[in-house]
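Reading through the structure tokens given below for one structure.
The values are calculated or read from the model by the stated rules, or taken from the named source; none is laboratory data. Here the structure is a predicted model, which means the values were calculated and not measured. Note that each Cβ is placed from the backbone with ideal geometry, even for glycine, and that neighbours are counted across all protein chains shown.
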Amino acid sequence: MDPIKYLFEKPVLNGRMSRWTLMLAEFDLTYVPLKALKGRAIIDFLVDNPIEKDSVTDMWSFPDENVVHVEDEVWDLYFDGASSSMGYGVGILLISPKGEHVPVSIKLDFLATNNAAEYEACLLGLRSAISLNIKKLLVHGDSYLVINQVTESWKIKINSPAPYHAKIEELEKYFEEIQYVHLPREENQFADALSKLAALVNIPDHIDSMPLCVERRSTPSYINEINGTEEDEIEPWYTSILKFKYTGEYPDNHDARGKRALWMLSTQFVEANGGPLYKKTAQGVLLLCIDQKTADKVMEEVHDGEC
């Protein structure tokens, strides 16, 4: 955030920042936000830099039009392998330059050590990238052994990884550019979860694949009920708080724990002499409490129109 805007527009300032605001007041400063750069800027630029008529061979040509199509085509590959008494599995995550995620989780129905599972994950990730016709790839893995042996930083002293290493070198020929990067295990959680899921899950013999869908929810399930009680809500969400602030009475269905929670929650709210209810922030700002219908109307008015 712009520091001048922060000082001039923040509702409540304490300590040193408030003294800075008083010192700046004598200079009669005014904060004006920078306007958005829109298509008008391109028009003004073309007007200020016209092209000579002799240099234009085609009225529909655009100079250096190939520059518009320059894109970063490097994909990211995250791989991890899991080996335990419950089973063996590999997890792969491909991320496109546009941010699209392609997760792959494969269960291994053969004995494999932890290092062998890591090599299997790397190989299957390369094969998946080749099937998507990816030419530039950045490979991420949390196995020191695989990353250092593939990059030839470490020598292969035993014969077991040698076939994997030879196969990886064979698949690398399909890429124009490929790099290997080691990253900590906590930064490879998605691929690690996919590998552990494949190792633990039991897949019936007559099924080759099992689809998996992972969703994200930001609110508890009881808020978005299927019967749509939230849309038909009559009383606003702050009714119990407002009633307790006015009368000091608790709802009948509250036990001792619920009453204590309501009392602690009510200390964050302020009523305006029989008027609306406000929530007091840590900075001392009062926020008006509104119901769901009013909130939908406010959001519609804020986001309606251009920009």
Single unsatisfied condition, residue 252 versus (1) modelled with pLDDT under 80; (2) in the same structural domain as residue 81 (by TED's automatic domain parsing): (2)
Checklist (1) modelled with pLDDT of 85 or more; (2) more than 17 Å from residue 178 (Cβ to Cβ) applied to residue 41, failing item: (1)
Extreme residue, surrounded by the most Cβ atoms within 10 Å (Cβ to Cβ), among residues of region 262-301 that are farther than 24 Å from residue 249 by Cα and among the small types (Gly, Ala, Ser): 295
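Name the one entry in 121, 116, 112 that is in contact with a strand residue (DSSP E or B) (Cβ under 8 Å, 6 or more places away or on another chain) and within 26 Å of residue 74 (Cβ to Cβ).
Numbers: 116 fails: within 26 Å of residue 74 (Cβ to Cβ); 112 fails: within 26 Å of residue 74 (Cβ to Cβ).
Sole residue among the options that is in contact with a strand residue (DSSP E or B) (Cβ under 8 Å, 6 or more places away or on another chain) and within 26 Å of residue 74 (Cβ to Cβ): 121.
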Residue in region 194-204 that is polar (S, T, N, Q), modelled with pLDDT of 75 or more and within 24 Å of the chain's Cα centre (by Cα) present: yes
Single match in 298, 302, 270 (criterion: modelled with pLDDT of 80 or more and in contact with a strand residue (DSSP E or B) (Cβ under 9 Å, 6 or more places away or on another chain)): 270
Residue satisfying all of: in region 144-193; modelled with pLDDT under 85 and among the hydrophobic types (A, V, I, L, M, F, W, C); farthest from residue 84 (Cα to Cα) among these: 154
Matching residues, region 253-274, being outside any helix (DSSP H, G or I) and closer than 28 Å to residue 14 by Cβ: 267, 268, 269, 270, 271, 272, 273
